[in-house]
Amino acid sequence: MAWRIADYIERGEIDNRTKGQVVGQLWLNGIEEPIILELTGNPYRDLAGQQLRFKNPKPKPMPEDLRDFAREQTGVVGDITAARKVKILEIEDDELEHYYTNKIPMPYHWGNCLYLEWHSVRNGRVVIEAADYELVVEPEAAWQMSEAEEADQLQANARAMIHFMDQLVEAADPEDDDEDSPQSEIEAKADADTARSGLLNDRVIERLKQDENANAEDYFRILEEERERMRLERGEFEFELDPFKQKNAAEQDAVIDAQNADFEEAMAKEGEPPEMEPDPLYEQCRELGERIQEDIEHNDWLPEGAQEEHPLNALRHGTWFASAKLAGALNGRVDEWPPHPLFAGDCLVRLKKARGYLKDALAALDAVEGEKLTGPDWTPPIREELQYVLHEVKGFINEVRDVLRWEEGKQ
């Protein structure tokens, strides 16, 4: 999943006058010191050898959960261009597959788009995509890029981003105090896999935006093509398997066989599949989200036509999304906890996502209180419950990390 910060930028500049590197600065709304960019690689031909300045005419206030965005962005260039003509969809990315599979026409408009993408050590993939920025490009380029060189550069940038993600796995530091930093190689790999999935999804979306007649078959065809592209960028052969999966294939088969046996035994005894018992923490978070929604609707606190960024929307969405991640991570915990090492990485990624959404919800609650959007007695119990769920999630994260450290110590 990418950091998307376009809405919160006041102004910025990037400079590629030195071939092979992109440097720059970004000023975020509400943050005094600029973000410093030091990236390896080159942009597309329209910006190669040039300096670009840009300004956001309507910057939004920086949310609390984004204030930890690293001040020094060191990493590699992805796609950087100011010449992209795009369809700007008027729906959320997670709605895309629903529209395609159900052949629902998607609302959009055309616009010129500034697209800045890089992958950094501290924050992973970062994307700035904006069709309404004011752009100023220096008239003289320090050096020129040909069409053939551009094609080669784009391939090199893609390979560099994939290689950079793989390097982060190898560089996982168990002593890092940052709670989001991987605490083991297995956790780092799970994070990298998630980052690659986000990159894959974004690439598919970018291609679909270019074809107004695309349908469900096109979606799945493009998905497979982009998977193949990513495989080639990583230098993988078609028959290659992940080394960790290869090493544990027999063990994974044994676990699955045991689970199937348990399932068959339960079927024989009960005559029907056993229902998975919902996790209590997931249930608490889900019920909290429902209560927040009901109170907002009952008291008519949300103005008609309110934007997605409205604090009350951000509060309820953060709680809902957190409960969805907790369902995937914790449901079934009664039968086995902590999770088996083979599944602990996936569980940990979901828990970390839930933690992020809970932080988003608490930041939104701060804004709700500051702007006095609800009754004064409503927010304290909501905050107390959100903080409790967040505390429990952090405890589960530590338990799963212990499993991964133990597993890594065996290897």
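Just a few scattered comments:
- Equivalent ellipsoid of the range 293-355: semi-axes from √(5λ) of the C-alpha gyration tensor, largest first, are 33, 12, 6 Å.
- Charge dipole of the range 280-410 about the Cα centre (unit charges at C-beta), most positive-ward option of A306, G328, Y388: G328
- Ordering H98, H310 by the number of other Cβ atoms within 10 Å of each residue's own Cβ, fewest first, gives H98, H310.
- Cα gyration tensor shape of the range 319-377, rounded if a/c is under 1.5, else prolate or oblate by comparing a/b with b/c: prolate
- When the pairs K55/K359; K55/K325; K325/K359 are compared against a 25 Å limit on Cα-Cα distance, K55/K359; K55/K325 fall above it.
- Ellipsoid semi-axes in whole angstrom, largest first, where each is sqrt(5λ) of the Cα gyration tensor of the range 280-410: 32, 13, 12
- The charge dipole of the range 280-410, taken about its Cα centre with unit charges on the Cβ atoms of Lys, Arg (+1), Asp and Glu (-1) only, comes to about 700 debye.
- Between the range 353-411 and the range 5-21, the alpha-carbon center distance in angstrom: 33
Read-outs: derived from the displayed coordinates by stated rules, not from any lab. A quick note: this is a predicted structure, and the numbers were derived from the prediction, not measured. Heads up, the Cβs are rebuilt from the backbone with ideal geometry, glycines too, and the neighbour counts pull from every protein chain shown.
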